Protein chains: 2
Amino acid sequence: MVDVRNVLFVMCDQLRRDHLSCFGGRVHTPNLDALATRGVRFEHAYVQSGVCGPSRMSFYTGRYVSSHGATWNRVPLSAAELTLGDYLRGAGRVATLAGKTHVLPDAEALARFGIEIESERGALLREGGFAVVDRYDGHTPPGPQSGYANYLRSHGYRSDDPWSDYVIAMEDRGTIVSGWQLRNVHLPARVREEHSETAYMTDRALDWIGAQGDRPWVLHLSYVKPHWPYVAPAPWHALYRGADVGPVLRGMQDGTAEEHPVVRAYREHDECRSFAREEVARHVRPAYMGLVAQIDRNVGRILKALEKSGRMRDTLIVFTSDHGDFLGDRGLGEKELFYDEIIRVPLLVYDPSTKADATRGCADSRLVEAIDLVPTFLDALGIATPFHRVEGRSLLPLIRGGGIEPWRDAAFCELDYGFRRARRSLGRGVRECRAWMVTTSRWKYVHWNGMRPQLFDLEADPREACDLGADSRHDGARAEMHDRLLDWLSNLNRRTTIADAEAERRTDAHRSHGIHIGIW
Amino acid sequence: MVDVRNVLFVMCDQLRRDHLSCFGGRVHTPNLDALATRGVRFEHAYVQSGVCGPSRMSFYTGRYVSSHGATWNRVPLSAAELTLGDYLRGAGRVATLAGKTHVLPDAEALARFGIEIESERGALLREGGFAVVDRYDGHTPPGPQSGYANYLRSHGYRSDDPWSDYVIAMEDRGTIVSGWQLRNVHLPARVREEHSETAYMTDRALDWIGAQGDRPWVLHLSYVKPHWPYVAPAPWHALYRGADVGPVLRGMQDGTAEEHPVVRAYREHDECRSFAREEVARHVRPAYMGLVAQIDRNVGRILKALEKSGRMRDTLIVFTSDHGDFLGDRGLGEKELFYDEIIRVPLLVYDPSTKADATRGCADSRLVEAIDLVPTFLDALGIATPFHRVEGRSLLPLIRGGGIEPWRDAAFCELDYGFRRARRSLGRGVRECRAWMVTTSRWKYVHWNGMRPQLFDLEADPREACDLGADSRHDGARAEMHDRLLDWLSNLNRRTTIADAEAERRTDAHRSHGIHIGIW
């Protein structure tokens, strides 16, 4: 029996788990809290990379970064990679997009295969397999796949570039200033709340869902907020101004250990220089928190519409984020690296099936990963997952209970900082900047190309303040985690061009093809 | 200055290094010996897999098996993989094929991209980027890409399937018998020497080279012999009958250690059951040796023609094999696994450049790999190697001397036995049967998925008779080799969709695109 007809996959950009009230955070998120009450809250959900592009490619392909190969932002997704949209299409379904994906097409392959980017096939490769309602990746003016710029102009925001002039701009005593500058984020955006990025994309989703009527659907609603520029429209810009924005965590607390060279190099980036000043963090956080509250309000609009149309009865809903934001913690800004602020994301799953009734409102502390969503969606829709490609596992057995095979006891994450200034300051080549993390419930271990590892004892030091990577008392833990990394890397899915069932059929089958090896 | 205009890349199938007289073997190979005298003989050349398909895909892509993904025979080469032919084409050159490649097209990708297999693009993907003079993969009747069947019929071998009826058939006291049966390989093939597989493909190569005149060319001449069926035409079938075929090595010599479970499972395969009988090994080896001698003779025909036409002055010549053959050593038959009989192959490189004069006739004992040939060919032809994809290194600095960066001190090889009967007898799934080998000049270490490792001390035990994989006295060596495997696996080329120079250009470049991260 398949209870689920529709999937709503909501993603935020740069949303920190610990900011939502349902995850114990300071931002009041009543709509997400209500969703958590009706679904399962995953307390240890890890993304496969702490930066947008590679993290999203893992969400969309169900594969680790070392498998899909798009190791950083704007690295094209190989044409050989299949995505959620491709898997759905194979079963006669369509994955639709409203919002951001960060997919860049594999132009070299398109040229080699003679596929025009504007053709139907080319468009699918350009959009990562999604059918596009409105694609808008954020943090630059909306492109031709988005109607946002025209929408803004039609609502009176007169400009060739209404995004730069209104959406991320503010007025400061009569002067127009830019939200790119952190000093300005206490001011409201020049765009009204109902025309802001979050509201606009919510409208597109609501219109599209409404237009589907009773036809089954899969929608990826992908907000570009609370990602920088940290510009919130009124009244959200002011909601948390002056409120308690929490402590700003310091960096290393073990005076004896030397900070890891890559972390040190990141501190020289512009965003870390700014956020290392506690007053900057305290100035920015209220704007960020307001953007989060605004997202909650807009998700509430969607949930209300689904309730009204009866779609809560047959729609699987996932709410998550591609990674977090340091917001000044550890004296760092932005994202990347492997701390929980960045790679441990919020994940809520609402499953309408009566089989999920027993877990409603529960927290699940097992280690789950971004790559688990593709197999979860396919499982919910009754579509077989091709596990010779997909490396995640369906979460439905966790949500619906019943006989579960042993669940994973480690999660993995990767980084390629070859595109960052840190590479140059460390004097490394573009292919010498990779890192691989494995975390268990006890240890978090990072293997850095050409440098010492990092190690954190998550039980004794849950805030990861003390890097034990060079501590001789922990040789055993490092060796164990090192072994886990080798097992994981060696067993990534390489043989992607034939399915497991075909491999099974071909096993020991040469005689049936008239080939007789070594018979006397 | 580029001295090399042409490349002749000769490969044999299943040719054991230690059988050629230039590598100390018992088969007299005067033509190859002469080539060795004029070029460099690589004493420690390793293939990336001990089975045809994955080994060849590494030769053609310049990438390890875990990177190209074609882990066993008849696993299609992903459409995202580029080959020697693709790299040459990017520089206006063509790689031409006469013989075997074992490439299978990525039909799923072709369908997804709307590429007809018979189109120009489809044909290139089907042929692994080669332009085909005659493609013939051996051990089954020649297919439509080969003219061999018609050639045989035009020379009087009347049959719908002249390959089965003549090329691999013999007459035994008036009865036609099959070369599939090892018992028959002392008999001559029913095909005449000049119409045999090796002679036919040599003719195709000679004709084609002759037709090029003064135009530069790249030819992959790829013999299907001495691979089974071990059927040699007269007089080669008899040349070594009754001769000394060498000792037949026993298996494990350390009575205390238990044989590795995968090796034990391989012993149950048909070919190992046959070759475990020493009389079978001694019966087959003379036929195999005759086939090797015949290849030497035919390579001699090519070399003579190149000499005559002046092409020895501007042609880089490589002679190698895709892997070896146990021929009864260790009580094993056929190939796979990681012993030197299989994965350490003959490799001769003749470089016409005067810069190579100092090394003519030399043996080089550095560790080289099959993946080094693509960058060697490109280097010789003055074409830049895209090292964000290619994982090998040009051999020219070894041959021509001069400033060499430190050379590698380890070589790597892989196995996927998921398609073999051994998988079933060990009760494993199709994705649980992989193994990874690393060898240095001292240690050979094999990491098996879910099983104990193998370890051989190549200094104390060059014949790899004593498996130290479970010997507690060697924990240190195992740990060191384990680390090497992790370093290797983690640093394989994953980011293949943009070149290193582009990554270099994009480093820290967001500000130039109007993106201002974290500025106050």
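The values are calculated or read from the model by the stated rules, or taken from the named source; none is laboratory data. Everything numeric here is computed off the predicted structure, so don't read it as measured data. Positions of Cβ are backbone-derived with ideal geometry, glycine not excepted, and every protein chain shown enters the neighbour counts. The accessibility values were calculated without ligands, DNA or RNA, using every heavy atom of the protein model including side chains. Shrake-Rupley method; radii C 1.70, N 1.55, O 1.52, S 1.80 Å.
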Where Lys and Arg each count +1 and Asp and Glu each count -1, what net charge lies around A:Ala149 among other residues with Cβ under 10 Å from its Cβ? -1
Place the label 7 angstrom along Cα→C-beta at B:Asp475 and in each other copy, then list the distances from the first to the rest in nm, shortest first. 0.9
Farthest toward positive dipole pole in segment A:188-258 [+1 Lys/Arg, -1 Asp/Glu at C-beta], among A:Pro235, A:Gly251, A:Tyr223: A:Pro235
Hey, what D do you get for the protein assembly as shown in µm²/s if you plug the Kirkwood alpha-carbon radius into Stokes-Einstein at 20 °C and 1.002 mPa s? 69 µm²/s
Which of the residues in segment A:389-430 lose at least 50 Å² of accessible area when you go from the chain alone to all protein chains together (probe 1.4 Å)? A:Phe419, A:Arg421, A:Arg424, A:Val430
Taking 0.36 nm per residue of separation between B:Asp471 and B:Arg241 and subtracting their Cα-Cα distance, the length gained on full extension comes to 78.6 nm
Using +1 on the beta carbon of Lys and Arg, -1 on that of Asp and Glu, and nothing else charged, what's the dipole of chain A about the Cα centre, debye to 20? 460 debye
For segment B:229-378, give the percent of accessible area contributed by carbon and sulfur heavy atoms, probe 1.4 Å, rounded to a whole number. 51 percent
For labels at B:Ile404 and A:Arg215 in the simple 7 Å Cα→Cβ model, what's the distance in nm? 6.5 nm
Which of the residues in segment A:165-189 show a loss of at least 30 Å² in accessible area from their chain by itself to the complete set of protein chains, at a probe of 1.4 Å? A:Trp180, A:Leu182, A:Arg183
Calculate what fraction, in whole %, of the accessible area of segment A:128-210 sits on carbon and sulfur atoms when a 1.4 Å probe is rolled over the protein chains. 46 percent
Could you name the aspartates and glutamates in cross-link range of B:Lys308, using Cα to Cα under 20 Å and dropping any fewer than eight places away on the same chain? B:Asp3, B:Asp33, B:Asp203, B:Asp207, B:Asp214, B:Asp296, B:Asp351
Mean projection of the alpha-carbon convex hull of chain B over all orientations, in nm²? 28.7 nm²
If one computes the Cα centroid of segment A:298-338 and of segment B:267-295, what distance in Å separates the two points? 65 Å
Which residues in segment B:416-449 place their backbone N less than 12 Å from a point set 7 Å from the Cα of B:Arg264 along the Cα-to-Cβ direction? B:426
When you take every Cα atom in segment A:142-295, what is the radius of gyration, and what is Dmax, the widest Cα pair distance, in Å? 18.9, 63
Along its three principal axes, how long is segment B:57-139 when you only count alpha carbons? Whole Å, largest extent first please. 30, 28, 28
Along Cα-to-Cβ, 7 Å out, sits the label point; list in nm, shortest first, how far the one on B:Ala111 is from those in the other copies. 3.0
Which value, in square angstrom to the nearest 100, describes the accessible area buried between chains B and A on both sides, using a 1.4 angstrom probe? 7400 Å²
Which of the residues in segment A:465-496 show a loss of at least 40 Å² in accessible area from their chain by itself to the complete set of protein chains, at a probe of 1.4 Å? A:His482, A:Leu486, A:Leu489, A:Ser490, A:Asn491, A:Arg494, A:Arg495
Using the Cα gyration tensor of segment A:128-207, the equivalent ellipsoid's semi-axes, largest first and to the nearest Å, work out to 24, 13, 12
at A:Asp207 the sorted inter-copy label distances (label 7 Å from Cα on Cβ side), in nanometres, are 6.6
If each K or R counts +1 and each D or E counts -1, the residues other than B:Pro406 whose Cβ falls under 13 Å of its Cβ total +1
Express the carbon and sulfur contribution to the solvent-accessible surface of segment A:408-485 as a percent, rounded to the nearest whole number, probe 1.4 angstrom. 47 percent
From the Cα centre of segment B:469-494 to that of segment B:90-140, the distance in Å is 37 Å
Using helices alone, I'd like the mean residue ellipticity at 222 nm for chain B: each DSSP H run of four-plus residues gives -39500 (n - 2.57), total over residue count, nearest 500. -8500 deg cm²/dmol
How much accessible area per residue does chain A have, in Å², with a 1.4 Å probe? 34 Å²
